[in-house]
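Asker: Structure provided below as structure tokens; questions to follow.
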Amino acid sequence: MKKRLLLTRRLPDEIHRRAARDYDAVLNPEDKLYSTEELVALSAKFDAFLICLTDKLPRSAIERLDPRLKVISTFSVGYEHVDALAARAHGIPVGNAPNGVTIATAEIAMLLMLGATRRAPEGERMIAAREWTGWTPMQLLGRRLDGKRLGIFGYGKIGQAVARRARAFDMEIHYHSRSRRPASEEQGAIYHPTLEGLLAHSDVLSINAPSSPETRHIIDARRLSLLPKGAVVINTARGDLVADGDLIDALKSGQVGYAGLDVFEGEPKHHPGYLELDNVFLLPHMGTSAIEARIEMGNEALDNIDACFAGRKLPHGVN
Ligand code: DGY
């Protein structure tokens, strides 16, 4: 008999077809959000959950999951929304989708970087507001990327994909991660053993580190003050790495010249202060919203579930 699988959100048709072929799958064509309590209750009716970052499974929920539920796989590389350690203690393997996100997220980082340094959002807003009166030599002057130092905080797959793209724009790549990467991954990038050291060398800062208790609000007033004046801050990782009030103050004072943000703490809510500013480029968490990425992410998430029921280790296990 086929295992029962719950897909908590609407996913691409390709993923629906594979899930329905291999499982007694319950899809969510209307894309309604399940609450944590609903998921706890549904665990008695399903063998597997394919969840998304919008589904919250903290320890208090994990501990109440029904023994019928054998595996949780998330359609995301980030898995801060599910307490993976508690799941391990509860005997439930958790997997993520670590590869499909890479290129699409790096592209959005480049989009934000270009948009911020060349002030594209202000230009777009000027036309939308019917305020453009014609070309002038000094209108919306931004800065080029070539020769600028790009500081990448978090040099995993996405950070490295950002570096590859930024090299084509003749940027000088610097990075900080917990440990130095082998030369094959560095590709000439300059390692800084501390985040503080990286910040002092970042004309553009790209945040690509995961969300964790250690990284929460790590980009705060003190660290922002270490950036060269007028630096650009790009965040395609998670909103909670940034202390919003501090970044808004830095954007107002000019310490930070521009911010390009795809993610927000507590999203879809976001700090209202951002909307008062001109020097921001804000996107609604679109890092992976490319169809190729979403199909690959869905396949990776399903691979975890297949492996669990085949008695194998999850290919993308996180606990
Ligand atoms: C992820 O995979 O964690 C992304 O944020 C989803 O867009």
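The values are calculated or read from the model by the stated rules, or taken from the named source; none is laboratory data. Remember, predicted model here, so these are calculated numbers, not experimental data. For neighbour counting, all protein chains shown are included, and Cβ atoms are generated from backbone atoms with ideal geometry for every residue, glycine included.
Asker: Just one of ALA87, ALA109, ALA61, ALA120 is in the same structural domain as GLN160 (by TED's automatic domain parsing), more than 21 Å from GLY156 (Cα to Cα) and buried (at least 16 other Cβ atoms within 10 Å of the Cβ); which is it? Working first, answer last.
Answerer: Details: ALA87 fails: in the same structural domain as GLN160 (by TED's automatic domain parsing); ALA109 fails: more than 21 Å from GLY156 (Cα to Cα); ALA61 fails: in the same structural domain as GLN160 (by TED's automatic domain parsing).
Answer to the selection: ALA120.
Asker: Just one of (1) over 21 Å from ASP83 (Cα atoms); (2) in contact with a Pro (Cβ under 9 Å, 6 or more places away or on another chain) trips up GLU267, so point out which.
Answerer: (1)
Asker: Taking only the range 263-280 into account, find how many residues are surrounded by 15 or more Cβ atoms within 10 Å (Cβ to Cβ) and closer than 16 Å to HIS217 by Cα. Working first, answer last.
Answerer: Taking the range 263-280 first, the residues surrounded by 15 or more Cβ atoms within 10 Å (Cβ to Cβ) are 263-265, 267, 270-271, 273-274, 279-280.
Narrowing the set further to residues that are closer than 16 Å to HIS217 by Cα leaves 263-265, 267, 270-271.
Number satisfying all stated conditions: 6.
Asker: Sticking with this one: For ILE234, are the conditions met, namely being away from the ligand (no atom under 12 Å from the Cβ) and surrounded by fewer than 21 Cβ atoms within 10 Å (Cβ to Cβ)? Break it down into steps so the answer makes sense when it comes.
Answerer: Numbers: away from the ligand (no atom under 12 Å from the Cβ): yes; surrounded by fewer than 21 Cβ atoms within 10 Å (Cβ to Cβ): no.
It is false that ILE234 is away from the ligand (no atom under 12 Å from the Cβ) and surrounded by fewer than 21 Cβ atoms within 10 Å (Cβ to Cβ).
Asker: I'd like to check something: does the range 245-261 contain any residue that is at pLDDT 95 or above and within 12 Å of the ligand (Cβ to nearest atom)?
Answerer: no
Asker: Take the range 162-174 and flag every residue that is in a loop (DSSP other than H, G, I, E, B) and surrounded by 13 or more Cβ atoms within 10 Å (Cβ to Cβ).
Answerer: If the condition is that a residue be in a loop (DSSP other than H, G, I, E, B) and surrounded by 13 or more Cβ atoms within 10 Å (Cβ to Cβ), then PHE169, MET171 are the ones that fit.
Asker: Which ranges mark the helices (runs of 4 or more DSSP H) fully within the range 24-125 that have 2 or more residues being within 14 Å of the ligand (Cβ to nearest atom) and out of contact with any strand residue (DSSP E or B) (no Cβ under 7 Å at 6 or more places or on another chain)?
Answerer: The helices (runs of 4 or more DSSP H) meeting that bar are 102-117.
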